[in-house]
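Presented below is the structure to which this report refers.
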Amino acid sequence: MNLVINGQQKSVSEHIRTIEELMNELKLNPQLVIVEQNGQVIDKQSYSVAPVNEGDQLELVKFVGGG
Amino acid sequence: MHEPNYDSFKRYSRQILFQPIGKNGQEKLKEKHVLIIGAGALGSGCAEILARSGVGTLTIADRDYVEESNLQRQQLYTEEDASTSLPKAYAAEQRLKQINQSIEISGLVTDVTPEVLERFSDVDLIIDATDNFDTRLSINDFCQKQNIPWIYGACLGSYGISYNFIPGKTPCMSCLLEQIPLTGATCDSEGIIAPAVQMVTSIQTAEALKILTENWDSLRTTLLSFDLWNNERSEIDVSVLKTDSCLSCGANPDFPYLKYQHQTKAAVLCGRNTVQIRPGSPHQADLSHWESVFQGLGYNTRRNSYLLSVSLEKPYRLVCFLDGRVFIHGTNDIQKAKSIYYRFFGS
Ligand SMILES: [Zn+2]
């Protein structure tokens, strides 16, 4: 499946159905990531059900702690 | 010979020529007080830029001391600071005073607890340059309670992130993060490159200059992140995440992260293989007394005016600070660190 993630074309596994599965593939901790999908911020509670579709434009912003 | 007057507007002439700041903005900067929390990589960079810019009063607080591994990215410190284990807040104060003697600069060697924050209810802005979410969430609650803007910044590897938290306007950090991230999840095992630090400090201080000169319309409103190695950049408008039921910024705030518990507190220091133990009631430690105690027990010690370092059984080492805090180096395990602490400092 082809997605645009943070402005870059990315190809990810065809098995991915949801935002949560995408985060697992990208090794991101869902608790620390804010997701915008095609211009809409996704509610954290729905990461496990929110579908990911071919061609989606995703912005993934990850909170880190270091300073 | 021309005797420069370092308090004159001449030193700021290039900044005054920058039209959105101008002379008016420069005068505003002089009246403002900024608290910088953390004097590591981000804190060093932000403090230097704000001191050079002519912010009238700067306070920089930090709990750690300078080590050799800081020198690659923490721009205020020298090899000498590392070899003498100077507390960062103190070393930063000295260096910043050399850079700009016409402003008020003070360094505070302390852990920034809610109690310490209470002393700064009159600051105009807080810059977050900490390395942990415990402190950030208390900054967040404090700023909501006192109506102070604060600028989050963090970096890891080649990645950086920043957001302007403006009470009453933007969502707060509790709105964005539903619960405190596990410390382990944010500890850096990835390392860090200096350009990522500089990018975050540039973003933080640009926004700080807008806030301090009251150019509110120019303030960035998005959550911004970038990765300098992978050439990625992302911005999200997170305003929809502001939650009315939020306990920090909602209709009935309770400021949960300001509740200070009077008990010994232990915290793992990210990426340092170190645990900090903070005594329940802050007290001035008599370092020379402890030096003789540890020497009497047969341990090697090193002491300067601010801290005492004791080499214990390998791999452990402990460092006592004047404010009663103790670092146990050589472990990330809080229980192990506490058992070492109580062996020497009672219960
Ligand atoms: Zn909130």
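Within region B:11-59, the set of residues being of a type in the set (S, T, N, Q), open to solvent by 30 Å² or more (accessible area, probe 1.4 Å) and farther than 30 Å from B:F133 by Cα comprises B:S13, B:Q15, B:Q19, B:N24. The residues of region B:140-149 that are open to solvent by less than 10 Å² (accessible area, probe 1.4 Å) and either away from the ligand (no atom under 13 Å from the Cβ) or away from chain A (no Cβ under 13 Å) (or both), listed by number, are B:D141, B:F142, B:C143, B:I148.
Per the conditions (1) more than 14 Å from chain A (Cβ to nearest Cβ); (2) exposed (fewer than 15 other Cβ atoms within 10 Å of the Cβ); (3) in contact with a strand residue (DSSP E or B) (Cβ under 6 Å, 6 or more places away or on another chain), the sole criterion not satisfied by B:A251 is (3).
Here is a yes/no grid of residues against (1) within 22 Å of B:Y159 (Cα to Cα); (2) assigned to a loop (DSSP other than H, G, I, E, B); (3) of a type in the set (A, V, I, L, M, F, W, C):
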| position | (1), (2), (3) |
| --- | --- |
| A:L28 | yes, yes, yes |
| A:Q31 | yes, no, no |
| A:V35 | yes, no, yes |
| A:Q45 | no, no, no |
| A:S48 | no, yes, no |
| A:N53 | no, yes, no |
| A:L58 | yes, no, yes |
| A:V61 | yes, no, yes |
| A:G65 | yes, yes, no |
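Scanning region A:43-67 for residues that are in contact (Cβ under 8 Å) with a residue 12 or more places away in the chain, at the interface with chain B (Cβ under 10 Å from one of its Cβ atoms) and open to solvent by 10 Å² or more (accessible area, probe 1.4 Å) gives A:K44, A:E59, A:L60, A:K62. Being farther than 30 Å from A:D43 by Cα, in a loop (DSSP other than H, G, I, E, B) and without any contact (Cβ under 8 Å) to a residue 60 or more places away in the chain, is that true of even one residue in region B:248-262? For region B:248-262, residues farther than 30 Å from A:D43 by Cα, in a loop (DSSP other than H, G, I, E, B) and without any contact (Cβ under 8 Å) to a residue 60 or more places away in the chain: present. Scanning region B:196-216 turns up no residue that is within 14 Å of chain A (Cβ to nearest Cβ), assigned to a loop (DSSP other than H, G, I, E, B) and not β-branched (V, I, T). Residues that are charged (D, E, K, R) and closer than 20 Å to B:I192 by Cβ within region B:51-83 comprise B:D62, B:R63, B:D64, B:E67, B:E68, B:R73, B:E79, B:D81, listed in sequence order.
The values are calculated or read from the model by the stated rules, or taken from the named source; none is laboratory data. Everything quoted here is computed from the prediction, not taken from an experiment. All Cβ positions, glycine included, derive from the backbone under ideal geometry; neighbour counts span all protein chains shown. Just so you know, the surface numbers come from the protein's heavy atoms only, side chains and all, with ligands and any DNA or RNA stripped out. Shrake-Rupley method; radii C 1.70, N 1.55, O 1.52, S 1.80 Å.
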